Amino acid sequence: GTGFGRAFEMPMSLVEIEYPLRDYIPHNQIYWVIVKTGSVGFFLFWFFFNSFAFQASSIRSQLKDPYLKSICMVVVVAIISQMVVSFYDLQLTYYRNMIYLGTLMGMIPVIEELNAKQSVKSSEIM
């Protein structure tokens with residue numbers, strides 16, 4: 001948008017999507033985060049997502065179960081793909097995408113706990 005609640009100018013009409021903020025929020029969401037939060041907020045935004053992807057990757061290296069390893073990789077790939085697509089289109093302000101990503105990110109602590117329980121059970125058996 002051109003700012004302050006004015007829709008952007010469209011020399012060519014875009015595809016109509018059912019999103020009320022389509023004409024007001026820039027489609028490059030990464031630049032939008034810079035504009036809305038400033039340099040400190042932008043740093044914290046990237047720090048959060050990068051640290052979470054790093055945590056999921058490090059947990060993956062500790063796992064024995066291939067199913068849990070694949071779930072960790074799906075989470076890492078989802079974070080990376082969300083940020084890449086956010087550079088080109090509305091991703092961070094569209095609720096469905098963020099609910100899905102948040103649910104995936106919420107599985108990482110659960111996977112870590114499952115791995116700890118499996119390790120305790122396997123040490124008790126031996």
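The values are calculated or read from the model by the stated rules, or taken from the named source; none is laboratory data. Treat the numbers as computed from the prediction; the structure is a model and nothing was measured. Glycine also receives a Cβ, built like all others from the backbone with ideal geometry; neighbour counts cover every protein chain displayed. SASA here: full protein model, heavy atoms, side chains in, ligands and nucleic acids out. Shrake-Rupley method; radii C 1.70, N 1.55, O 1.52, S 1.80 Å.
Some observations on this one:
- Cα long-axis angle, helix 66-86 against the chain (0 to 90 degrees, to the nearest 10): 10
- Two-decimal ratio, the chain, of alpha-carbon radius of gyration to 2.2 N^0.38 Å: 1.40
- Accessible area of region 2-124 belonging to carbon and sulfur atoms, whole % at 1.4 Å probe: 67
- The angle separating the long axis of helix 95-125 from the principal Cα axis of greatest extent in the chain is about 10 degrees.
- In the context of the full set of protein chains, residues of the chain present 70 Å² of accessible surface per residue (probe radius 1.4 Å, heavy atoms only).
- Calculated mean residue ellipticity at 222 nm for the chain: -24500 deg cm²/dmol, from DSSP H runs with n ≥ 4 weighted as -39500 (n - 2.57), summed, divided by the residue count and rounded to 500.
- From the Kirkwood radius over Cα pairs of region 64-126, Stokes-Einstein at 37 °C and 0.692 mPa s returns a whole-number translational diffusion coefficient of 247 µm²/s.
- Using C-alpha pairs under 8 Å with a sequence gap of at least 6, the mean separation divided by the residue count of the chain gives a relative contact order of 24 percent.
- In degrees, nearest ten, helix 29-62 long axis to first principal axis of the chain (Cα): 20
- Two-site FRET efficiency, SER61 against LYS121, from Cβ-Cβ distance with R₀ of 25 Å, rounded to 0.05: 0.75
- Qualifying lysines (Cα of each under 26 Å from Cα of LYS117; at least 8 residues distant if same chain): LYS64, LYS69
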